[in-house]
Every structure is written in structure tokens, then in C-alpha cells.
1. Within the group SER55, SER29, SER21, which residue is modelled with pLDDT of 95 or more and either of a type in the set (Gly, Ala, Ser) or open to solvent by 50 Å² or more (accessible area, probe 1.4 Å) (or both)?
2. Do we find that PRO41 is touching a helix residue (DSSP H, G or I) at 6+ places or on another chain (Cβ under 7 Å) and either within 14 Å of ARG70 (Cβ to Cβ) or open to solvent by 50 Å² or more (accessible area, probe 1.4 Å) (or both) in this structure?
3. Name the one entry in GLU46, GLU6 that is touching a strand residue (DSSP E or B) at 6+ places or on another chain (Cβ under 8 Å), surrounded by fewer than 21 Cβ atoms within 10 Å (Cβ to Cβ) and modelled with pLDDT of 95 or more.
4. Taking interchain pairs and intrachain pairs at least six residues apart, which have beta carbon atoms under 6 angstrom, with the first residue in the range 34-54 and without any contact (Cβ under 8 Å) to a residue 40 or more places away in the chain and the second hydroxyl-bearing (Ser, Thr, Tyr) and open to solvent by 10 Å² or more (accessible area, probe 1.4 Å)?
5. Among the residues of the range 11-48, count how many are more than 15 Å from ALA96 (Cβ to Cβ), out of contact with any Leu (no Cβ under 9 Å at 6 or more places or on another chain) and among the polar types (S, T, N, Q).
6. Of everything in the range 61-89, what is among the aliphatic types (A, V, I, L, M), touching a residue at least 24 places away in the same chain (Cβ under 8 Å) and within 27 Å of SER30 (Cα to Cα)? Give them in sequence order.
Amino acid sequence: QVLLVESGGGLVQPGGSLRLSCAASGRTSSSYLLDWFRQAPGKEREFVAGVRWSSTYYADSVKGRFTVSRDNAKNTLYLQMDNLKPEDTAVYYCAARRTTAATPDYWGQGTQVTVSS
């Protein structure tokens, strides 16, 4: 069993920044890949960003604005979000899966990010 706990969401004005954290715990949590997903109202959940060893991956919509990182010693995933736009408004979820192609096995509870003036 892997427990994922997100934090760091909130309300921010367009152009602002937020940093999300996802703390993973559980006996086998370090063996899972951790990714960020998001779900906006009325839309399907979508991949946002992930880390694979020394490489990072992003959805086209966030490239150049978001930075994903992972602290393996703390088993924590981060998402630095800069130059936020209203269309970034969504619930952001941390997910754990065995491989990139696999459906996530575990999800966090989500953290709300609202970008509005």
C-alpha cells in the first residue's frame, strides 16, 4: 500500500506561482514512479508532469512554466508552477504507478489550485 498526500494548493492571481508537494509513504513507495495529474471541472483527468530518473516530462500546456522534481531521500514529489493561467485551475493529484504505460495504482486526495483575479 502506498499513501500519497498532496499539499500546497490555493488561490493565486494570473501570473503568480505555487509549489505543490506530494509526500509518498508505505513499504514499497520508493519503487513507484510518481506523476502529477490534474482535473478541471467538466474535463477528464490529464497528465501534467513526471520524473523518470534524470529526465522530466511535461504536458505541452505547461512546458516552460512548470518544473517537476523529486527528492528521493524524502520520497517527495514537487511541482513548481510559475506564470499560472486561469486555465490551470484544477484539482491536482499525485499518482504512483509501476511503469510509465501503466494506469496509476494509487492516487492522492488532490489539492485545489484556483487561478483567478
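The values are calculated or read from the model by the stated rules, or taken from the named source; none is laboratory data. Here the structure is a predicted model, which is why all the values come from computation and not from measurement. So basically every Cβ, Gly included, is an ideal-geometry build from the backbone, and we count neighbours across all protein chains shown. These area figures cover heavy atoms from the full protein model, side chains too; ligands, DNA and RNA do not enter into them. Shrake-Rupley method; radii C 1.70, N 1.55, O 1.52, S 1.80 Å.
1. SER21
2. no
3. GLU46
4. Every condition considered, the pairs that remain are ALA49/TYR58.
5. 1
6. Answer for the range 61-89, where residues must be among the aliphatic types (A, V, I, L, M), touching a residue at least 24 places away in the same chain (Cβ under 8 Å) and within 27 Å of SER30 (Cα to Cα): VAL62, VAL68, LEU77, LEU79, MET81.
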